Amino acid sequence: MIMQLFELKEAQRSSVASSFMKKMEDFKESSRRNDDEECLRKKQELEERLVPKTESQMDVEMTIQRLQNEARLRIQQKEDQIDKKLREVQSIQEKELQEDLKKKTLELQIVESQRRKGICSEKLELMLKCLDESIISCLNKESFLQTIQMKIDRVTALKNQFQVVANTANNADPLINATRSENIVQQIEDLSEVIKEDISKNNAAVHEKVMLAKRQAQSTVPAPAVKQEQQNDSNNHSEKKTNETDEGYEDLNFVQRDDLLLYSQLQSELSQYESSAAAFTNDLSLKALRFELQKAVLHPLNEISDLSGQHLQDKLDRLASLLRGNAVNVGSRVVRATEHPGGLEYCTNLLARRMVSQGEDQVNVNPKAAFPIAAVITELWIEFPIFGRLVLAHFYRQCPYLVPYYAPQQEGQSNEDYYKSLGYRYSNGKVEQQPAYLKRMSGVVRLYAAILISLPRRNQPHPHGLEHAWRYLASLLNLSPRNDITAAILVEFLSVTGHAMSKEYGKQFQKILHLICTEYFSMIRNVTPKGSGGGPVTRLEDFLQESITKGGIPPPAGQLPLRFW
């Protein structure tokens, strides 16, 4: 019984295990089939995505879409090309119209410019004719014209400037030259009126003197007595004038009479020129314009050097353009010296003064710098004679020994005023030390001497050439030498001009050089205090001995070559 129960239990357990195993196998089979189906399905989906069927509707639609896009792109490209061609044609037509309009406008401007220049030329010719008639009608002409010579020279310079402007064609803007011509003619007209007024006043004064003389002749005083009285007055006046000129120095050992007359005349002209520009200089409302004009003068001036001929030409062109009254660039601004009355005079005098100052400021430090500066001064002097006279006046004011003029101390003149008149500087009430003064004066003399030997371009006549070097040297040797300064001047002047003067004057210059080496050098020795350093005297002695040893004076170091620019 127990065995049967055990076997029955075992049969049931075996049946349950078989059923469970069968279920497990069925589950595994089902899972396997599901996995295979899922893998197959995913594989199909992936294949459909990566390799679409060529025969599918999607492929057909995508192909149609692609073809449509390509067709639209080609149509758009053709439309863009057509638009581009149309724009190019339109641009060409507009340019042609603009050029045609510009050409017609330029032709009209040229005609208008010529018309205005013609009117200016006729007006100028008539003004100059009237001015000549006024000068011819001037009474006591010789003495009076000296007082207005500077104004007459200014008229001549403006006339030459007008001819240059009127004959210059400006294809970019023809009306600019017409406007410049009108400005120049206006300046000449203003000057002519001033000159006519001066002549009228002079004639009135002379006429009044004549009438006064007639009334005196008709008075009750006997004619012989009147004549004798007039003669005595004339003699007294001549004697007084002679005494005023000589100022108590009968032999004028400090200056030659002709040189003193030239010096006085130039200083008078300089004072008149400064007075004519005083209104412009002192007007506070014109401070900004003055500042721009100062930059227009000083920038090219400070850049003058022998770097190259083109570089030097550029500085000359900029300064010449300013003095012609043309518009010049100053940084981002454009200024013109003729923008305001007195502006051109201000610029001309400022340039002349600062040019001369370069001698004591720049040449003093770098002696070779004298020659490019001198070359620019010479070229400007040729084109603008009034500029040249102002330069000479400033040279004489800065260094009166260039006259030559050993100015004596006047009665009642303070030591400070006297030393300043000789070119000394004062600082805190103390006069400049002699070595520094001599070095500065040597720089000024060197610059002046460099002008004398400067060679103008295009074989133009020199406005202040070697003949003035000979005149100066002769005048200097006719005066008794002074301590230090005479030796300093001579060594600087001869070292610059000696070679050119030897070539130009030959034996005559050798004679004057022999005179310096013998008699004049002994006179310099005699006025040199014993025990003093004698620096300038020693340098002059060494220079003369070297010149004798080498048989001549070599060309100065730094002189510009013949065809430098």
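Here the range 427-495 is treated as an ellipsoid with the same Cα gyration tensor; its semi-axes, largest first and in whole Å, are 28, 16, 9.
The alpha carbons of the range 103-214 stretch over 71, 19, 15 Å along the principal axes, in descending order. Using only alpha-carbon positions in the range 153-200, the gyration tensor eigenvalues give semi-axes of 26, 10, 5 Å once each is multiplied by 5 and square-rooted (largest first). Rolling a 1.4 angstrom probe over the range 328-375 with all protein chains present gives an accessible area of which 44% lies on carbon and sulfur atoms. Counting every C-alpha pair in the range 81-123, the share spaced more than 15 angstrom apart comes to 61%. Here the range 103-214 has 56 percent of its accessible surface on carbon and sulfur atoms, given a 1.4 Å probe and all protein chains in place. Given their separation in residues at 0.36 nm each and the Cα-Cα distance between them, Lys439 and Arg66 gain 125.0 nm when the chain is fully extended. For the pair Glu416 and Lys78, label points projected 7 Å from Cα toward Cβ lie 9.7 nm apart.
The values are calculated or read from the model by the stated rules, or taken from the named source; none is laboratory data. None of these values were measured; they are calculated from a predicted model. Heads up, the Cβs are rebuilt from the backbone with ideal geometry, glycines too, and the neighbour counts pull from every protein chain shown. To get the accessible areas, we keep the full protein, side chains included, count just its heavy atoms, and leave off ligands, DNA and RNA. Shrake-Rupley method; radii C 1.70, N 1.55, O 1.52, S 1.80 Å.
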